[in-house]
Amino acid sequence: MTRTDITHPLRVLLATGLLLAVCGVPVRAASFDDANKLYEQGKFEEALAMYDSAVVRQDHTANLFYNLANTEYRLKQPGLAILNYERALVLEPAHPEAGRNLQLIRGQTGAMLFEVPWWRAIFPAWRADVYALTVAVAGWIAVFSVAFLWRPRTRNRTLWWGLAFGSLSVAAYGAFALWADWRQQDVGIVTRSGVVARLAPADRAEVAQNLPEGSQVRVLSERGAWIYCALPGKQLGWLPAQALDRVRIMDT
């Protein structure tokens, strides 16, 4: 683990922003380093509080969630550890340590997972913004290629047709990857032990499925203190809202 003229009000605003940029970042970096030191000293409760504060401040990085997950695992909170390893992998899909630790803890808890579609294997472990850039660049190349094909004096039309088709294919590939990533927006992780999905939003309703810590669900709707979810094995059920958290942190 431990990685020209400006009006007076505008001058003040810019100066204040520069001061915050110079002074604020080292403080945040220092607090992250301090949390790492606490972890290394075995002071896991104190380290957890500092990592949680960084999450609340939205200083989100893959290493923050990775270190937070390590701390939660040390404190015997495997469900939360799995959640935050997942969050680290959202920000850095190729993070090797987070992937290995996630697989290890899932094996320990017996977490239930959705089947991975075969087509996910065709996508490299890139962030969503990389795929978005791929779609944008390939899309513009396709537009310019088609524009040249409309010109009556264009030569090497076979070349331009090939470029248009190729770029459209790349854009479609990137768009499909973005769609696959979008489908993960509603994935949640069961963060408590002894969680039971029920067929109705009531404590005494019939059991639909037992879900070990770290199990995946897909949020479909919410009703008060209950969340209706798609469960592994193509079942549906209601879970207490406090028993799970979404992997993707919703902006507030």
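The values are calculated or read from the model by the stated rules, or taken from the named source; none is laboratory data. As the structure is a prediction and not an experimental result, all values here were calculated from the model. Heads up, the Cβs are rebuilt from the backbone with ideal geometry, glycines too, and the neighbour counts pull from every protein chain shown. Surface accessibility is based on the protein's heavy atoms, side chains included, excluding ligands, DNA and RNA. Shrake-Rupley method; radii C 1.70, N 1.55, O 1.52, S 1.80 Å.
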Calculate, in nm to one decimal, what Q41 and L104 gain on full extension: separation in residues at 0.36 nm each, minus their alpha carbon distance. 20.3 nm
Using the basic label-point model (7 angstrom from Cα toward the beta carbon), what is the V56 to F176 distance in nanometres? 4.5 nm
For K76, placing the label point 7 angstrom along Cα-to-beta-carbon and taking region 163-198, residues whose amide nitrogen sits under 15 Å are 193-194
For F165 and A132, extending 7 Å from Cα along the Cα-Cβ vector and measuring point to point gives, in nm, a value of 3.2 nm
Of L163, G79, Y51, which is farthest towards the positive pole of the chain's charge dipole, taken about the Cα centre with +1 and -1 on the beta-carbons of Lys, Arg and Asp, Glu respectively? L163
Please turn the phi angles of region 131-137 into ³J(HN,Hα) values with the Karplus equation 6.51 cos²θ - 1.76 cosθ + 1.60 (θ = phi - 60°), one per residue in order, whole Hz, x for glycine and proline. 5, 5, 5, 4, 4, 5, 5
Let me spell out the model: positive unit charges on the Cβ of Lys and Arg, negative unit charges on the Cβ of Asp and Glu, origin at the Cα centre of the chain. What dipole size does that give, in debye rounded to 20? 980 debye
Give the accessible surface of the chain per residue, rounded to a whole number of Å², with probe radius 1.4 Å and ligands, DNA and RNA excluded. 62 Å²
Potential extension, N210-A49 segment - 0.36 nm per residue separation minus Cα distance: 54.9 nm
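Given the rule -39500 (n - 2.57) for each run of at least 4 DSSP H residues, summed and divided by the residues of the chain, what is its mean residue ellipticity at 222 nm, to the nearest 500 deg cm²/dmol?
When only DSSP H runs of four or more count, the value is -18500 deg cm²/dmol.
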For region 125-145 and region 179-220, write down the distance between their C-alpha centroids in whole Å. 35 Å
Which trypsin sites (Lys or Arg not before Pro) does region 42-110 hold that lie in a coil by DSSP with at most 15 other beta carbons within 10 Å? K43, R57, K76
Cα gyration tensor shape of the chain, rounded if a/c is under 1.5, else prolate or oblate by comparing a/b with b/c: oblate
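Compute the length gained on full extension between V143 and R223: take 0.36 nm times their separation in residues and subtract their Cα-Cα distance, giving the result in nm to one decimal.
24.2 nm
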